[in-house]
């Protein structure tokens, strides 16, 4: 204990020395430059009978706080950084294992352009990330940085060779022998137009790449004989010609019995491909993905959102209007097939539909469904632990729908004062699969949003957002409205209410496939919030007070369940 | 003890922030990608000695798209008056990088668009929230930055760019 305190003290002391030095160095340009960022989020929780939040649920932890500070120092080819984080205790909805504080991240890097070496914590991805991606999303409490060594070589123009070796962050647990796996890997990337002289002037641009990642974790299992070294590899290609672009990647993982796939010995594989074409005023893109048994973590016993070695992107539109984001999709690593297409069109100015300023239209479609799994020769049921689990033909489709979203969004500047965004989406959300709630029915929801901005002075504007979600399942219907007053660029004030009016009698009923009728009564409830913000340069202060509905917050493919709460919240963020 | 530690770090931060003042920073060298998938080093961001705007955005960020659309309406005039060039850095990850090109072209934006799918450039530039906009002077020093967008903020931005171009003081902004 004593030792730890001394360590902490030493850490702080060295940080302060480092800071004072760099702060001093700032005044003299040639001593390098310092930049950094900072964020502080705190919430006061109060009991709310209607939400079912009592004093005993809050349990004395009425005030919670998440914060971080990041500092980067740069001098010529050298750079170094530290990130301090504190969760005292973590805000509701974050993993409790985050509780504590300290330096979550420290690194040093030397980059000459030909060789680029990092020691300490780093983030990187190979290709699309299907075999390796280390990244962080602080607002979601997600960080799977690798602590180790990374070297990037650029021996010739158009050639990049990467090597990584380390262990991944697991909350505050320091790596000790066999506490989790070790990750190592390499990746190569060739931009052919730079390498092959006859292609240098070509309009067709081709990049080829491939990588290999391996995890070492000792086998200490009493029942199964588990592979200690698990490798995954991938090959990829990028091709572009004028406005046309095609990217495709195939990945394969050798047998890796783990807690996600329920300890089966089957190999995993995945393919991702996307094409797009665009010209002025028009763009279209289509992507497809097929994955089978591709969950890959540093520790085979872990599930949930930590220690991910790879990243399997969900092929769905990321919605930001809150009712649109009510039912977001999360990738099913054990198998899914997905397709997505988007069309963007700008109706020209001065046309009948376009009016004086033109009009933007976006159509999107995405669908994810199961893959076909058949019984393996050595197992009695699909997915039986300790066996090959099941068989699946590459690119085979199953018949269960996981998620679908069909939507349209238009944006139009009406005149000098008014701007309108209107959007409508139809969702099918398989709650049973996505949230792991067996027996829950498929949620079919229709959502519309209108977002009108009115600028009445040069820098004063009012934004009015109206939206409605209609569904016969889950919690029923919602109506939401936001009125926001902006005085650019510094001030804003917003009042928001989300009303869960369920339906006329407040009862949700559905019939299970077995013919049973389920009924649940949901209380009609308002979720009002008031918020205000002040921004000066990069410093932003946000205050809000009110009820927050339970929901799933997703950023960049990672989602977090935000619990319902009531109280006062403050966010301060800055960077320099 | 814990609380003291936090307070201490907090004070240090404030100290560093205030110590910053007049020393300008330059761009870090980070590899990002063009919309056609080729590698691009951020040290190659350039505008022949004229001002540069760097704006971090994403497809899911409505205020970001509002900002870029608003600027697109006046971008031609801005370029004529100041020679400014805007680099729009999309931090969308691989799930939607294929949609960036079609959206940019669909909206008819004339910006230089780069992809930062793993947030390497975002982290190196200390971007916490988007939209986050930087202004660089002719020597590629970062002279101004701002987060968030509201209607009318573009008027401030062009005012700053004009001052930067003429070498005037922008400390009041």
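With a Förster radius of 30 Å, plug the Cβ-Cβ distance of residue A:524 and residue A:545 into 1/(1 + (r/R0)^6) and report the FRET value to the nearest 0.05.
Working: r = 22 Å, r/R0 = 0.73.
Taking R0 as 30 Å, the efficiency between residue A:524 and residue A:545 is 0.85.
Let me know the mean shielding of A:235-241 by other chains, meaning the per-residue number of their Cβ atoms within 10 Å of its Cβ. Write out the running numbers ahead of the final one.
On the way: counts 0, 1, 1, 4, 2, 6, 1.
Partner Cβ neighbours, averaged per residue: 2.
Between residue B:73 and residue A:149, take the C-beta separation as r, use R0 = 30 Å, and let me know the FRET efficiency to the nearest 0.05. Working shown, then result.
Values: r = 48 Å, r/R0 = 1.61.
With a Förster radius of 30 Å, E is 0.05.
How do A:290, A:464 rank when sorted from fewest to most other Cβ atoms within 10 Å of their own Cβ? Don't skip to the answer; put the middle values down first.
Working: A:290 21, A:464 13.
Lowest to highest Cβ neighbour count: A:464, A:290.
Could you state the number of Å between the C-alpha centres of segment A:48-77 and segment B:26-68?
32
Provide the FRET efficiency to the nearest 0.05 for the residue A:517-residue A:48 pair, computing r from the beta carbons and using R0 = 25 Å.
The computed FRET efficiency comes out at 0.20.
Find how many whole Å separate the alpha carbon centroid of segment A:145-191 from the alpha carbon centroid of segment A:94-118.
12
What nm value, rounded to one decimal, do you get for the distance between residue A:178 and residue A:493 when each label is placed 7 Å out toward the C-beta?
Here the answer is 6.4 nm between the modelled labels.
Roughly speaking, what is the centre-to-centre gap between segment B:81-139 and segment A:355-417 when only Cα atoms are used, to the nearest Å?
Here the two parts' Cα centres lie 28 Å apart.
So for the pair residue A:365, residue A:437, with labels modelled 7 Å out along Cα→Cβ, what separation do we get in nm?
3.0
Distance in nm between label sites at residue A:339 and residue A:396, each 7 Å beyond Cα in the beta-carbon direction?
Result for the modelled spin labels: 1.9 nm.
At 0.36 nm per residue, minus the direct Cα-Cα distance, what do residue A:262 and residue A:356 gain on full extension? Give it in nm, one decimal, please. All intermediate terms of the calculation are to be shown ahead of the outcome.
Values: separation 94, 0.36 × 94 = 33.84 nm, distance 5.92 nm.
Separation in residues times 0.36 nm, less the Cα-Cα distance, equals 27.9 nm.
All of the numbers you see were taken from the coordinates with simple rules; none came from a lab. Predicted model only: the values in this text are computed from it and were never measured. Neighbour counts are summed over all protein chains in view; Cβ atoms, including those assigned to glycine, are modelled from backbone coordinates with ideal geometry.
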